[in-house]
């Protein structure tokens, strides 16, 4: 099979540059790219032309660009890897619709370590009772705008599944109150809390804490650079080529 041609959406961003490096180091070729400002890299004149010239598109941009990227991929019958975070229910509905026509991988985190961590978190949550409180702590660089991170929600979703419930049912996003202390609420048993830290150039730290009486279990992952996400995204792109239409995730890519 000829080398896989990967089109990079968000090519001028930090992740886009990391994906370009991973593409060449993993034996694929760069078909071209679209920068955050819409500027085209390579010989292809616009987004649709890039989609037609690519075997797979890789998208690490913004939610407001997703609809256009999915439309271009669908029209070109080009698979796409979506690593954009901060997606809304409407965005996921667009992904589901596109998946009826093309193959796509949507993943909040493409690193091998994080996806293995998901399984550990689910197993721990299934074996520990609701008297073990679950907290998800994450830290990212100062430029990240969505909070909690998509990976934090991914890990919390695994914990909720382990407890036979859903992310929506168990999540509590804000325990900080401006009311007098007598109106503050204690922690609800069985729920999942979050802490989101932003600062410096942190690529991504995540920890899931299971806090019981007199003991604590901490399961975590530290990303030392964006290369781990880029390599996972390219691995997903190589895996996705030739697949039947459908919505896949990193579990499928990694065979977990």
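Brief remarks follow.
- The residues of region 56-65 that are in contact with a helix residue (DSSP H, G or I) (Cβ under 8 Å, 6 or more places away or on another chain) and surrounded by fewer than 24 Cβ atoms within 10 Å (Cβ to Cβ), listed by number, are 61, 63.
- Subset tally (residues that are in a loop (DSSP other than H, G, I, E, B) and under 19 Å from the mean Cα position of the chain (by Cα)) for region 67-87: 6
- Residue match in region 88-95 (condition: closer than 17 Å to residue 195 by Cβ, part of a helix (DSSP H, G or I) and touching a helix residue (DSSP H, G or I) at 6+ places or on another chain (Cβ under 7 Å)): no
- The residues of region 132-164 that are part of a loop (DSSP other than H, G, I, E, B), crowded, with 16+ Cβ neighbours inside 10 Å and modelled with pLDDT of 95 or more, listed by number, are 132, 163.
- Counted residues, region 97-117 - those being in a helix (DSSP H, G or I) and in contact (Cβ under 8 Å) with a residue 60 or more places away in the chain: 6
- Within region 217-242, considering residues that are touching a helix residue (DSSP H, G or I) at 6+ places or on another chain (Cβ under 9 Å) and part of a loop (DSSP other than H, G, I, E, B), the one nearest to residue 150 (Cα to Cα): 226
The values are calculated or read from the model by the stated rules, or taken from the named source; none is laboratory data. Keep in mind the model is a prediction, meaning the values are calculated, not measured. Don't worry about glycine lacking a Cβ; one is built from the backbone with ideal geometry, like all the others, and counts go over all protein chains shown.
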